[in-house]
Structures are given as C-alpha cells and as structure tokens.
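Presented below is the structure to which this report refers.
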Amino acid sequence: MALERIGIIGAGQMGTGIAHVLALAGYDVVLDDVNKDALGKALDRIEKNMQRQAAKGVIGEDAIAPALARIRTTSSMDDLKDRELVIEAATEDEAIKKKIFQELSPRLNDKAMVATNTSSISVTRLAAATDRPERFIGLHFMNPVPLMQLVEVIRGIATDDATFQAALEIVRRVGKTAAYAEDFPAFIVNRIIMPMINEAVYTLYEGVGNVDAIDTAMRLGANHPMGPLQLADFIGLDTCLAVMQVLYEGLADSKYRPCPLMVKYVEAGWLGKKTGRGFYDYRGEHPVPTR
C-alpha cells in the first residue's frame with residue numbers, strides 16, 4: 001500500500017515535527033489546525049529547523065525549498081478529503097481526539113487510513129470512534145521529531161496487516177526505526193520514562209533534594225543527557241500529568257499515582273518551557289529553578 005498524500009491534524013510541536021520529516025521524505029503534506037496563527041508559526045519553525053539541519057550537514061541546503069513546497073496548510077478538514085492517510089497530533093486528551101476522528105471520518109474516502117500520535121491512550125478505544133478501526137493505527141513519534149530516531153507503532157485490536165505494513169513503510173521512508181508496542185497504557189517509552197519523572201517530582205515534593213540537586217544527580221549519577229525535571233519541562237507538565245493519569249486509571253496500580261506537586265504546577269499553568277515556567281523559570285537569560 002504505497003502512500004503519498006498525508007494529512008496531519010494539529011500544528012503544535014508534534015504535528016509540526018511530523019510534517020517536517022514527511023516533507024523531507026517526499027510526501028505531499030497538508031497540515032490542518034483550527035488556529036491559523038499556529039499554522040503560520042509552524043511553517044516558520046519547520047523552515048528554521050531545516051536550516052539548522054542543513055547547517056549541521058544533516059540535509060542538503062537544496063532539499064529545503066522542495067520540502068517546504070510539499071507542505072500546505074488549512075483550517076478546514078474538508079481539505080483532507082483526498083488524503084490517503086491522516087495523522088492526528090492533537091493534545092493528549094481522549095475526548096478531543098475522539099471528537100476529531102468523528103468529524104474527520106465522513107470526509108475521507110473509504111480506503112483512507114487514520115493514525116494517532118497519542119503517547120498513552122488506547123489505540124483500540126480511539127479506533128472505535130472512527131468508521132474504519134481496521135485501517136486505524138498508532139504512530140507515536142518522539143519529541144523533537146526531526147531529531148529522535150524512534151517511532152512506536154501500535155496496532156489496535158482491529159488493525160489489519162495492510163495498515164500495519166503501510167505504517168512500517170512510512171517509518172522506514174522517513175529514516176526512523178519502528179518499535180512495535182502492544183496496546184497497553186502508555187506503550188513502551190512513556191510506560192518507563194513517565195513514572196521516573198513522576199518519582200523525581202515526588203523526590204522534590206518530599207524535600208529529598210531541590211530541582212538543581214535532583215537534575216544534577218541524574219545527569220551525573222545516571223549519565224542522563226538531561227535531568228528528569230528539565231525533561232518534564234521540555235515535554236510539558238500537562239502532558240506528563242495526562243500520561244500518568246492514563247497509567248493510573250488504566251492499570252489501577254498506586255505506583256502510578258500522579259504526584260500532587262505536578263498537579264499543582266499544572267493547575268497554576270506552569271507547564272514548562274512552552275509557558276515560560278515549570279520546574280524552571282525560562283523568562284530570563286538562563287533557566288532558574290523554581291524550587
């Protein structure tokens with residue numbers, strides 16, 4: 001099943017990154033978002049990131065203009081009607097994702113595939129919100145998409161083999177590596193990494209160490225490229241909390257209970273780097289720990 005025309009719903013960090021790698025791989029891309037300002041920013045971000053890649057020799061300078069020309073933007077799902085595959089990359093909220101799929105399905109032709117970039121939610125449940133569960137699959141790209149080499153591929157209970165093989169071919173063509181994950185809460189990467197972040201927040205909450213001590217300990221003591229609290233800020237504390245809630249509710253194990261301090265930060269709107277404050281304050285020249 002050779003696919004060439006792909007739609008993406010959501011022009012945030014993930015959707016923008018997915019559009020970036022698909023366009024470089026030669027796919028015809030339509031990027032959809034209800035927020036027109038977000039679409040303009042997305043194209044600017046893609047161009048800057050491609051220029052950064054070219055400066056490092058990752059791609060040729062002459063690859064940028066053709067790739068950008070392959071990306072069109074829209075604020076209407078009607079413009080996705082000719083897509084052979086549509087990838088949903090909206091916020092990590094099951095109700096929002098299901099609403100998108102219910103609105104999208106009638107606009108697509110019968111043979112079109114649908115994928116979700118969910119990092120934690122049941123692919124089987126999301127597929128049930130569409131009229132094509134056999135042509136529905138999870139394609140969980142890692143953040144930042146242009147840099148990270150892994151894509152988790154998750155079949156729902158009804159996903160057919162043709163859809164699975166088509167998804168694997170997309171991953172191969174964009175130059176990444178597929179890891180097949182069973183459809184259990186948070187799949188593989190987040191099933192392991194989010195409880196680590198949550199435990200780091202508990203360590204902060206209980207006063208075992210401050211932000212700087214915890215991140216320094218994990219960078220130098222476990223050889224992690226960034227500390228868990230810095231990583232949480234990079235991912236977004238709202239996303240971290242949403243994944244922990246999926247784990248806690250889906251597996252009914254107290255070890256996945258979200259730390260109250262993480263909840264408090266999210267309630268305050270301190271979601272990390274994207275809002276200027278999280279476990280670090282990013283509003284000055286250099287990040288400063290908030291605790």
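The values are calculated or read from the model by the stated rules, or taken from the named source; none is laboratory data. Just so we're clear, the structure is a prediction, and the values are computed from it rather than from any experiment. Backbone-built Cβ (ideal geometry, glycine too); neighbour counts: all protein chains shown.
Per-structure values
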{"item": "Any hit, segment 138-155, residues being surrounded by 15 or more Cβ atoms within 10 Å (Cβ to Cβ), closer than 30 Å to Pro260 by Cβ and among the hydrophobic types (A, V, I, L, M, F, W, C)", "result": "yes"}
{"item": "Any hit, segment 61-77, residues being part of a loop (DSSP other than H, G, I, E, B) and farther than 21 Å from Leu147 by Cα", "result": "yes"}
{"item": "Any hit, segment 46-63, residues being surrounded by 21 or more Cβ atoms within 10 Å (Cβ to Cβ) and of a type in the set (Asp, Glu)", "result": "no"}
{"item": "Selection status of Met218, at negative phi, more than 17 Å from the chain's Cα centre (by Cα), modelled with pLDDT of 95 or more and outside the structural domain of Ile121 (by TED's automatic domain parsing)", "result": "yes"}
{"item": "Residue that is farther than 21 Å from Gly236 by Cβ and surrounded by fewer than 21 Cβ atoms within 10 Å (Cβ to Cβ), where the choices are Ala128, Ala112, Ala95", "result": "Ala128"}
{"item": "Output for segment 18-44, where each listed residue is within 16 Å of the chain's Cα centre (by Cα) and not in a helix (DSSP H, G or I)", "result": "Leu31, Asp32, Asp33"}
{"item": "Conditions (1) in contact with a helix residue (DSSP H, G or I) (Cβ under 8 Å, 6 or more places away or on another chain); (2) part of a loop (DSSP other than H, G, I, E, B); number of the one not met by Leu104", "result": "(2)"}
{"item": "Pairs where the first residue, in segment 19-41, is on the phi > 0 side of the Ramachandran plot and the second is of a type in the set (A, V, I, L, M, F, W, C), C-beta under 9 Å, 6+ apart", "result": "Gly26/Ala67"}
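The rows are residues; the columns are (1) buried (at least 17 other Cβ atoms within 10 Å of the Cβ); (2) among the acidic types (Asp, Glu); (3) modelled with pLDDT of 95 or more.
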residue	(1), (2), (3)
Ile170	yes, no, yes
Gly175	no, no, yes
Ile192	no, no, yes
Tyr205	no, no, yes
Ala222	no, no, yes
Pro228	yes, no, yes
Asp233	yes, yes, yes
Leu237	yes, no, yes
Met262	yes, no, yes
